[in-house]
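Read-outs throughout are calculated quantities, based only on the coordinates presented, and are distinct from any laboratory measurement. Because the structure is predicted, anything quoted here is derived from the model rather than measured. Methodologically, a virtual Cβ is constructed for each residue, glycine included, from the backbone with ideal geometry; neighbour enumeration extends over all protein chains shown.
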Amino acid sequence: MADALALDEVVRFTSDLIRIDTTNRGGGDCRERPAAEYAAEQLSGAGLEPLLLERTPGRTNVVTRIEGSDPAAPALLLHGHLDVVPARAEDWSVHPFSGEIRDGVVWGRGAVDMKNMDAMILAVVRSWVREGVRPRRDVVVAFTADEEASAEDGAGFLAEEHAELFEGCSEGVSESGAFTFHDGAGRQIYPIAAGERGTAWLKLTARGRAGHGSRVNKENA
């Protein structure tokens, strides 16, 4: 169970990370390094030794490993990404990079996807160190760049150039979980992903008579 300080830290870390603008506009237009340095600082403050890894200057990833008590147990990967999709301030009632706390909620771009979970990982790991908790299995913590675009500077780079850092990992925990499907028959279903999305560019040509969706047109492409 997380201690009271961890509960305070997860809110503060979320707000702090939101205030670091890591907008990924695609085409390499992003700089995650300030957020990576922030995450590394919190890990270092807990006595861990995080690595800062880049394929492209400014597109920074953070990786560290927490040694478990059972060397024979498979390792677990906890990972989150540091970049966010664009946000226009004029579309928001709260500035998207303010990290403001209002009505008991942290607001801003990344509050859901996924600086909130980055903050939770940091807070839990720091809580383990304070409480002297040692997991049974090794836990690898990774914060990656470039998830919102090609992942070439993030997960792709780490898998291709630094696979040894993830030695022994049999499962990973990240976003798109933490929620439950209810099937209406009383069963609760927890989603498990066996893979991650990729990019495949296609050129499609559709032929037919142009029309409007409100009118029947059996030749509409």
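Ignoring the sites themselves, what is the longest stretch of the chain with no GluC sites (Glu not before Pro) in a DSSP loop and at most 13 other beta-carbon atoms within 10 Å?
Details: sites that count: Glu67, Glu167, Glu196, Glu219.
The reported range is 68-166.
As a calculated quantity, the FRET efficiency between Ala4 and Arg102 at R0 = 30 Å, using C-beta atoms, amounts to about 0.85.
Under the simplified labelling scheme, the Thr56-Glu167 pair shows an inter-label distance of 3.1 nm, with each label point 7 Å from Cα along Cα→Cβ.
Evaluating kT/(6 pi eta Rh) at 10 °C and 1.306 mPa s, with the Kirkwood radius of the chain over Cα pairs in the Stokes-Einstein relation, gives 81 µm² s⁻¹. What's the angle, to the nearest 10 degrees (0 to 90), between helix 4-19's Cα axis and the longest principal axis of the chain? Helix 4-19 sits roughly 50 degrees off the main axis of the chain.
Using helices alone, what [θ] at 222 nm do you get for the chain, with -39,500 (n - 2.57) per DSSP H run of 4 or more residues, divided over all residues and rounded to the nearest 500?
Working: 4 runs with 53 residues, N = 221.
Helix-only estimate at 222 nm: -7500 deg cm²/dmol.
Per residue, the average separation of C-alpha pairs within less than 8 Å and at least 6 apart gives region 112-221 a relative contact order of 15 percent.
So what is the relative contact order for region 50-133, in percent, with contacts set as C-alpha pairs under 8 Å and at least six apart? Please list the in-between numbers first.
Values: 60 pairs, mean separation 16.6, N = 84.
So the answer I get is 20 percent.
Take the Cα of Val133, go 7 Å toward its beta carbon, and the backbone nitrogen atoms of region 1-34 under 19 Å from that spot belong to 1-14. Dividing the mean sequence gap of close Cα pairs (under 8 Å, 6+ apart) by how many residues region 1-150 holds gives a relative contact order of 38 percent.
Straightening the chain between His182 and Ser44 buys 45.7 nm, computed as 0.36 nm per residue apart minus the Cα-Cα spacing.
A simple spin-label model places the labels of Ala73 and Tyr190 1.6 nm from each other, with each point 7 Å out along Cα-to-Cβ.
Comparing mean-square fluctuations of Leu17, Leu202, Leu122 from a GNM of the chain with C-alpha springs under 10 Å, the top value falls on Leu202.
Based on DSSP, what percent of beta bridges with both residues in region 78-221 are antiparallel, to the nearest 5? If you can, show how the numbers build up before the last one.
Numbers: 4 of 9 bridges.
The answer is about 45 percent antiparallel.
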